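Since the structure comes first, as structure tokens, the remarks are kept for the end.
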Ligand SMILES: Cc1cc2nc3c(=O)[nH]c(=O)nc-3n(C[C@H](O)[C@H](O)[C@H](O)COP(=O)(O)OP(=O)(O)OC[C@H]3O[C@@H](n4cnc5c(N)ncnc54)[C@H](O)[C@@H]3O)c2cc1C
């Protein structure tokens, strides 16, 4: 077996791994990037970009159908599935091409093809023929879809997101399992492109929302357009010929229905790719899912004996926030620290921000109400403000007047803490709010900002005004907290 010694080894050439490579390279000439699968990153090949391309086509069809509501008559709308998929693949290949082009900056000798696994804390076996000694190692191995065994009955009609983006044309019908971010995005897009879709969930959750009010509002809104049951009672899944037969209780009538679908799309969550890494040989302390414990500011893993390890972890592999911008940030911090090890520096971790490209869009900013309540102690420290888009001027103009936002701030200090948004084009308002949170803005400060007319941001102002009215500031709140004591 060939033997090689390097300074830093990075496992996984996805967004986190590439970012880690560039950061580590600032400290050392001897940095290798190991990739066991196809190059081009999950985001560009089978994730963010192709899903947004599918959604863009779906939105075009939707707006064309909706034009009549403005008095604009169009002919019958026809979706050419072949053309939709051809454009998707062409644009997707362009995005992948950019990644491959940028990878040329990495010396061919420093790009190693093969699956890596730990043989010992500093030793990796790559493929069957290379033993690599590394002073430090970054795990950036991403994640993959996981599904319950029940789905196996669908045989090769059981698919994941990767398969959707390989279609040459659109199928007639798809049963989507999992009303999380990926399931809702793909499910709604396929529906709008004329595919018969039903979305089944199990535990009652919908997208990223924690607030029952937002979840219920979104549930009602989506169900006006397509079938989604977050707490579905699916009885059987069977394969028959080239189709999947699903028997379930229809959520509105309670009737038992048996329907045929071309595919069962599993969007039931993603598991980190740490199970085939031989982590038992790495000397690391692992959590119950087999993921190493790590410091979220340095991305440094912890050894079994509680000391800091020479191994770092970034991106989907650590399960923290499986999002693209998180993968690149974490990769940069992990690569920087792997390069400068044993010195380490705490990196800047941004405020949590997540956006779902459904219509209306869903977004969350900050740590979420449950974590905030825990962090701020038991005496009710959180003020809530809300506004709907049902009668918001700009939203009505656009015929997109559906939505609800809930924002949080801290009683006493008046500091903005985050929120959950459901409404038209929330990607933009979500950014404004994430930036305000990063700047530690107060609600009154945010209300002092300019608001043009007529814009969707006026809906945000309504929610901020409500939040401001509900905020208790001054001596009253201090007394209230003293009465109850923190932690009550
Ligand atoms: C359908 C879909 C839509 C999405 N949409 C969005 C979105 O709109 N916005 C957003 O922010 N995020 C989105 N995401 C999430 C985003 O794509 C991921 O968070 C991000 O790509 C993770 O990057 P990563 O570097 O951690 O993993 P990856 O890019 O998956 O890289 C990991 C790499 O490691 C390799 N590897 C694994 N194990 C080994 C091993 N043992 N040896 C060698 N190589 C190995 C894999 O082959 C892979 O190439 C989406 C994801 C999906 C699936």
Every pair of residues 6+ apart whose Cβ atoms lie under 7 Å, when the first sits in the range 144-163 and is part of a helix (DSSP H, G or I) while the second is surrounded by fewer than 17 Cβ atoms within 10 Å (Cβ to Cβ)
153/238; 153/239; 154/239; 155/239; 157/239
Suppose we keep only residues that are in a loop (DSSP other than H, G, I, E, B) and away from the ligand (no atom under 14 Å from the Cβ) within the range 180-196. Which one would you say is surrounded by the fewest Cβ atoms within 10 Å (Cβ to Cβ)?
194
Going through the range 340-379 one residue at a time, which ones are under 22 Å from residue 316 (Cβ atoms) and in a helix (DSSP H, G or I)?
371
Let me confirm something: among 24, 20, 9, which residue is in contact with a strand residue (DSSP E or B) (Cβ under 7 Å, 6 or more places away or on another chain), within 15 Å of the ligand (Cβ to nearest atom), at pLDDT 95 or above and closer than 15 Å to residue 316 by Cβ?
20
Restricting the search to the range 118-147, which residues are under 25 Å from the mean Cα position of the chain (by Cα) and either more than 20 Å from residue 316 (Cβ to Cβ) or surrounded by 17 or more Cβ atoms within 10 Å (Cβ to Cβ) (or both)?
138, 139, 140, 141, 142, 143, 145, 147
For residue 161: the one exception among (1) surrounded by 16 or more Cβ atoms within 10 Å (Cβ to Cβ); (2) within 29 Å of residue 245 (Cα to Cα); (3) more than 14 Å from the ligand (Cβ to nearest atom)
(3)
Going through the range 301-324 in order, the residues found to be touching a helix residue (DSSP H, G or I) at 6+ places or on another chain (Cβ under 9 Å) and within 12 Å of the ligand (Cβ to nearest atom) are 313, 314, 315, 316, 317, 318, 320, 321, 322, 323, 324
Quick one: in the range 201-215, of everything that is out of contact with any strand residue (DSSP E or B) (no Cβ under 6 Å at 6 or more places or on another chain) and not in a loop (DSSP other than H, G, I, E, B), which residue is farthest from residue 235 (Cα to Cα)?
213
Part of a strand (DSSP E or B) and closer than 23 Å to residue 48 by Cα: is that true of residue 218 in this structure?
no
Being more than 21 Å from residue 470 (Cα to Cα), in contact with a helix residue (DSSP H, G or I) (Cβ under 6 Å, 6 or more places away or on another chain) and in contact (Cβ under 8 Å) with a residue 12 or more places away in the chain narrows 361, 400 down to just 361
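The values are calculated or read from the model by the stated rules, or taken from the named source; none is laboratory data. Here the structure is a predicted model, which means the values were calculated and not measured. Note that we place each Cβ from the backbone using ideal geometry, even for glycine, and neighbour counts take in every protein chain shown.
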